[in-house]
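Chemist: What follows is a structure written as structure tokens; I'll ask about it next.
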Amino acid sequence: MHSSLVTTTLPRPVMRPRRMRFSPAIRRLVRETTLSPADFIYPLFVRHGVEQRAPIRSMPGISQLSVDQLAGEAREIAALGIPAVILFGIPAAKDATGSDNYSADGIVPQAIRAIKDAAPDLLVISDMCFCEYTDHGHCGIINQPGQPHFQSALPEGYLLNDPTLDLLGRASVVHAQAGADIIAPSGMVDGMVAAIRSGLDGAGYQHVAVMSYAVKYASAFYGPFRDAAESPPQFGDRSQYQMDPANSREAIKEASIDVAEGADVLMVKPALPYLDILSAVRSTFNLPTAAYQVSGEYAMLHAAAANGWLDLRRSALESLTAIKRAGADMVVTYFAKDAAQWLEEE
Ligand code: PBG
């Protein structure tokens, strides 16, 4: 006996969770969350002009595309098994009311038609907001002396809620007429879901769904997007309509209002810094839940990978898995195409 070498008589573990991690096969067997290309929604930035593929500096691999480029792009996305795209438009000209957004020949209606012609089964979601179309870069009509709807009781520069609702309803019908399957209001304007629902229903588009950016924070992580969409506010910021990052009870309030107004899908945005919110929204409501992994989340991983500090593929797939684990049924992500390819290789 070499019992003199045994320095302790601690009991051996009865529970050994490592058994379930012993081999790749057993890890696969007990895996609780899996990713599939069917989980992804791919954002597309559509610009004016022809034969344009303008790379976005802060979002490696992502470009603004002109309408003629969309057919090929749509077929490629569909072939990867990605079920949906979400569209953002960069119009040739901007004005005070963002009229390109509700013109039948606006950049997004053109894009919707091009995609639907090329890949009819690819779902087209149109991001419904005015910041990309207004010259001031805010998400609706702004209170300005001399402009229609001016209200002297409100400060100059304030985003006018109810006049914006009328335009959201109108633009949603125009996008539905062009063939959009889903309208996704992202402006955090009070009553936006009801206004869009009644606009759509009144025009015979009861079958077009509303995916509400129900819980959208005033986040620094949208930085690269504002380059991409050329939509930074020309004055002030969005804190009077987007949520304060410090709040979580308010997220449930926002989401419950959108449920009552008829939202079909609830979205939380950004994703990774807000997994607690995502989880709460998912467990409180019985609606499909989406998360938006935003431009800054994408740019962060790319920047670290470019420095050799992170493995892009592993960190991206891990982030997407975490977002799903927290409760997302679907994820809007700039990684959609890459991730679909990575998953195929695995
Ligand atoms: C508004 C909108 C924004 C994003 C999606 N829709 C920008 C904003 O609110 O400032 C951000 C998306 C991203 O950062 O990837 N139309």
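Chemist: By counting other Cβ atoms within 10 Å of each Cβ, how are His48, His207 ranked from fewest to most?
Modeler: Neighbour counts put them in this order, fewest first: His207, His48.
Chemist: On a straight-distance basis, which aspartates and glutamates could pair with Lys253 in a cross-link, Cα separation under 20 angstrom, same-chain partners fewer than 8 positions away excluded?
Modeler: Within reach: Asp162, Asp190, Asp244, Glu261, Asp264, Asp276.
Chemist: Right, here's the next one. Bins of 5 Å, beginning at zero and ending with the bin holding the largest distance: percent of Cα pairs per bin for segment 212-346, please.
Modeler: 2, 10, 19, 21, 19, 15, 9, 4, 1, 0
Chemist: How big is segment 34-345 by Rg and Dmax over its Cα atoms, in Å?
Modeler: 18.3, 60
Chemist: Rounded to a whole number, what is D in µm²/s for segment 20-78 from Stokes-Einstein with the Kirkwood radius over alpha-carbon pairs (25 °C, 0.890 mPa s)?
Modeler: Translational D for this selection: 169 µm²/s.
Chemist: Okay, moving on. In nanometres, what is the gap between the two model label sites at Asp135 and Asp105, each 7 Å from Cα along Cα-to-Cβ?
Modeler: So the label points at Asp135 and Asp105 sit 2.1 nm apart.
Chemist: Which entries in Lys116/Lys216; Lys116/Lys324; Lys116/Lys337 show an alpha-carbon gap greater than 25 Å?
Modeler: Violating the 25 Å limit, Cα to Cα: Lys116/Lys216; Lys116/Lys324.
Chemist: Let me ask another. Which one, Ala303, Thr134, Gly72, projects farthest toward the positive side of the charge dipole computed for the chain from Cβ point charges (K/R +1, D/E -1)?
Modeler: The residue sitting farthest along the positive end of the dipole is Ala303.
Chemist: First check a/c for segment 147-205, with a ≥ b ≥ c the square roots of the eigenvalues of its C-alpha gyration tensor; if it is under 1.5, answer rounded, and if not, answer prolate when a/b is larger than b/c or oblate otherwise.
Modeler: Prolate, since a/c reaches 1.5 and a/b exceeds b/c.
Chemist: Additional query: How large is the direction-averaged shadow of the alpha-carbon convex hull of segment 278-339, in nm²?
Modeler: 4.1 nm²
Chemist: Any chance you could check the Cα centroid distance between segment 247-279 and segment 71-107 for me, in angstrom?
Modeler: Distance between centres, Cα-based: 25 Å.
Chemist: Between the alpha-carbon centers of segment 180-202 and segment 286-309, tell me the distance in whole angstrom.
Modeler: Taking the Cα centre of each part, segment 180-202 and segment 286-309 sit 26 Å apart.
Chemist: Here's something else I'd like to know. In nm, to one decimal, how far is the modelled label at Asp329 from the one at Asp227, with both set 7 Å along Cα→Cβ?
Modeler: In this crude label model, Asp329 to Asp227 measures out at 3.5 nm.
Chemist: What's the ranking of 290-297, 74-81, 173-180, 324-331 by average number of surrounding C-beta atoms within 10 Å, highest first?
Modeler: Packing proxy ranking, top to bottom: 290-297, 173-180, 324-331, 74-81.
Chemist: In square nanometres, what is one fourth of the surface area of the convex hull spanned by the alpha carbons of segment 140-279?
Modeler: 9.5 nm²
Chemist: Also: Obtain the nm distance between the two label points defined at Ala79 and Ala218 by a simple spin-label model: each point lies 7 Å from its Cα along the Cα-to-C-beta direction.
Modeler: 4.5 nm
Chemist: I've got another one for you. So between His48 and Gln240, what do we pick up on full extension, going 0.36 nm a residue minus the alpha carbon distance?
Modeler: Taking His48 through Gln240 to full extension adds about 66.1 nm, to one decimal.
Chemist: Using the per-residue mean of other Cβ atoms lying within 10 Å as a proxy for protection, in what order, highest first, do the peptides 234-246, 147-159, 274-286 fall?
Modeler: Ranked from most to least packed, the peptides come out as 274-286, 234-246, 147-159.
Read the figures in this text as sums done on the coordinates, not as results from a lab. Predicted model only: the values in this text are computed from it and were never measured. Note that we place each Cβ from the backbone using ideal geometry, even for glycine, and neighbour counts take in every protein chain shown.
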